[in-house]
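The values are calculated or read from the model by the stated rules, or taken from the named source; none is laboratory data. It should be emphasised that the depicted structure is a prediction, and the values quoted were computed from it without experimental measurement. No Cβ is skipped: glycine too gets one built from the backbone with ideal geometry, and neighbour counts run over all protein chains shown. For the accessible areas, the whole protein counts, side chains as well, though only heavy atoms, and no ligand, DNA or RNA atoms are used. Shrake-Rupley method; radii C 1.70, N 1.55, O 1.52, S 1.80 Å.
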Amino acid sequence: MATKGKLKCNRCFVCNGYGCKNNLPGLGGVFNNQNFQLNCSSWENLRKLAQREGYLNEIENIEVLPSQIKCGPVTGAVENIGYNSEEDFYFPYLKAAKDAGFGLCVGDGYPDIKLQFGFEAVKRLNTKAAFFFKPYPFEKLVERVNLVKNYAEYIGIDIDSYNIVTMRNLVNLEKKNSQQLEEFRKLFNVPLVIKGVFTEEDIQLCKELRPDVIYISNHGGRVETRIGSTGDFLAKYSKSLKNYCKEIWVDGGIRCKEDVQTALFYGADKVIAARPFIRAVFDEEVEELSNFC
């Protein structure tokens, strides 16, 4: 443990966003962790709603398969997690998810070596992953696609991360429109994922683009957007969003099997988790991942 670093997490008994307010860089969020907290509480609130409406037993009886869960596209092992070395994180994190039967997500970041570490871990595991890129200018996206395309099961773009606090003033990121994203999808032959769908403007973008996957996310409460939770957004818009895509993915505050069941009930096809996986891998307690199935 000493050689690994010091986890930037208070190891709260319940990870719900109250112990790490504004811990950025780190595992906290913006706005005093308000969206982080709302993400976490929304799943229990949706279960309470289902109970009042007589659907709770239906949620509790949903079978959760490992293939319906993915690890989040996490980068920033040094500044956000607390590792002494950036490269020490990616292989253990992705291996733990693969060993549990979960899907893999790989993100990029600044500097570019973060994507390289994630890519090399996927190659080492001899598997495929969903690769997510920040909304860089087109030429840089071409470079990233060319790097990963032989190991990509999906390729996605973080439409909201042009506004992410931890990368502000470090790189040139753009707010992409549907025409730019259509040019992006022509670079590869795997399903396109639009990640960071969380506003009505994002819904309109998806209506125009019709991606393969719509990924509801507010970056775990780490990006400056409207106040709200991914769970509530899923419950409100999943039926209409299904008209514009083949699958819906969601992240934010997923902590246990019941949360996964709730997300599936309210319209998700895949559920993504990150913070609990990060802590389990850092503490070498990966058996905790079994709590999600």
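What about Phe277, is it within 16 Å of the chain's Cα centre (by Cα) and among the aromatic types (Phe, Trp, Tyr)?
Details: within 16 Å of the chain's Cα centre (by Cα): yes; among the aromatic types (Phe, Trp, Tyr): yes.
Yes.
Name the single residue that is most open to solvent (accessible area, probe 1.4 Å) among those in the stretch 245-266 being part of a helix (DSSP H, G or I) and in contact with a strand residue (DSSP E or B) (Cβ under 8 Å, 6 or more places away or on another chain). For the stretch 245-266, the residue satisfying everything is Leu264.
Among the residues that make up the stretch 167-189, is at least one of them within 28 Å of Ser67 (Cβ to Cβ), open to solvent by less than 20 Å² (accessible area, probe 1.4 Å) and in contact with a Gly (Cβ under 9 Å, 6 or more places away or on another chain)? So far as the stretch 167-189 goes, no, none of its residues is within 28 Å of Ser67 (Cβ to Cβ), open to solvent by less than 20 Å² (accessible area, probe 1.4 Å) and in contact with a Gly (Cβ under 9 Å, 6 or more places away or on another chain). Residue pairs whose Cβ atoms lie under 6 Å apart, separated by 6 or more positions or on different chains, with the first residue in the stretch 225-248 and within 16 Å of Tyr215 (Cβ to Cβ) and the second open to solvent by 40 Å² or more (accessible area, probe 1.4 Å), are Ser229/Leu38; Tyr244/Lys207; Tyr244/Arg210; Glu247/Asp269; Ile248/Asp269. Kindly provide the set of residues from the stretch 119-135 that are surrounded by fewer than 21 Cβ atoms within 10 Å (Cβ to Cβ) and assigned to a loop (DSSP other than H, G, I, E, B), ordered by number. Listed by number, the residues that qualify are Leu125, Asn126, Thr127, Lys128.
Conditions (1) more than 25 Å from Tyr215 (Cα to Cα); (2) open to solvent by 20 Å² or more (accessible area, probe 1.4 Å); (3) touching a His at 6+ places or on another chain (Cβ under 6 Å), marked per residue:
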{"position": "Cys12", "(1), (2), (3)": "yes, yes, no"}
{"position": "Cys15", "(1), (2), (3)": "no, yes, no"}
{"position": "Gly29", "(1), (2), (3)": "no, no, no"}
{"position": "Phe36", "(1), (2), (3)": "no, no, no"}
{"position": "Leu49", "(1), (2), (3)": "no, yes, no"}
{"position": "Asn61", "(1), (2), (3)": "no, yes, no"}
{"position": "Ser67", "(1), (2), (3)": "no, yes, no"}
{"position": "Lys98", "(1), (2), (3)": "no, yes, no"}
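Here is a list of conditions, (1) in a helix (DSSP H, G or I); (2) touching a Phe, Trp or Tyr at 6+ places or on another chain (Cβ under 9 Å); (3) open to solvent by 10 Å² or more (accessible area, probe 1.4 Å), and Gln116 meets all of them except one; can you say which number that is? All conditions pass for Gln116, except number (2).
Looking at Ser229, is it more than 17 Å from the chain's Cα centre (by Cα), under 27 Å from Tyr55 (Cβ atoms), at pLDDT 95 or above and of a type outside the set (D, E, K, R)? First the steps, then the outcome.
Numbers: more than 17 Å from the chain's Cα centre (by Cα): no; under 27 Å from Tyr55 (Cβ atoms): yes; at pLDDT 95 or above: yes; of a type outside the set (D, E, K, R): yes.
For Ser229, the condition - more than 17 Å from the chain's Cα centre (by Cα), under 27 Å from Tyr55 (Cβ atoms), at pLDDT 95 or above and of a type outside the set (D, E, K, R) - is not met.
Scan the stretch 213-234 and give yes if some residue there is closer than 19 Å to Lys70 by Cβ, part of a helix (DSSP H, G or I) and β-branched (Val, Ile, Thr), otherwise no. For the stretch 213-234, residues closer than 19 Å to Lys70 by Cβ, part of a helix (DSSP H, G or I) and β-branched (Val, Ile, Thr): present. Residue-level analysis places Glu288 outside the set of residues that are open to solvent by 10 Å² or more (accessible area, probe 1.4 Å) and out of contact with any helix residue (DSSP H, G or I) (no Cβ under 7 Å at 6 or more places or on another chain).
Determine, yes or no, whether Lys242 is surrounded by fewer than 23 Cβ atoms within 10 Å (Cβ to Cβ), of a type outside the set (S, T, N, Q), at pLDDT 95 or above and in contact with a strand residue (DSSP E or B) (Cβ under 8 Å, 6 or more places away or on another chain). Step through it out loud before you land on a result.
On the way: surrounded by fewer than 23 Cβ atoms within 10 Å (Cβ to Cβ): yes; of a type outside the set (S, T, N, Q): yes; at pLDDT 95 or above: yes; in contact with a strand residue (DSSP E or B) (Cβ under 8 Å, 6 or more places away or on another chain): yes.
Yes; evaluated as a whole, the condition is true for this residue.
Checked against the criterion of being under 21 Å from Cys206 (Cα atoms) and at pLDDT 95 or above, the candidates Gly156, Gly118, Gly82, Gly103 yield just one match: Gly156. Cβ-Cβ under 6 Å, sequence separation 6+ or interchain: first residue in the stretch 32-54 and closer than 19 Å to Thr199 by Cα and of a type outside the set (Ser, Thr, Tyr), partner open to solvent by 10 Å² or more (accessible area, probe 1.4 Å) and at pLDDT below 95. Which pairs? Listed by first residue and then by second, the contacts come to Asn33/Lys21.
Only one of the numbered conditions (1) in a helix (DSSP H, G or I); (2) within 25 Å of Ala96 (Cα to Cα) is violated by Val193, and that is (1).
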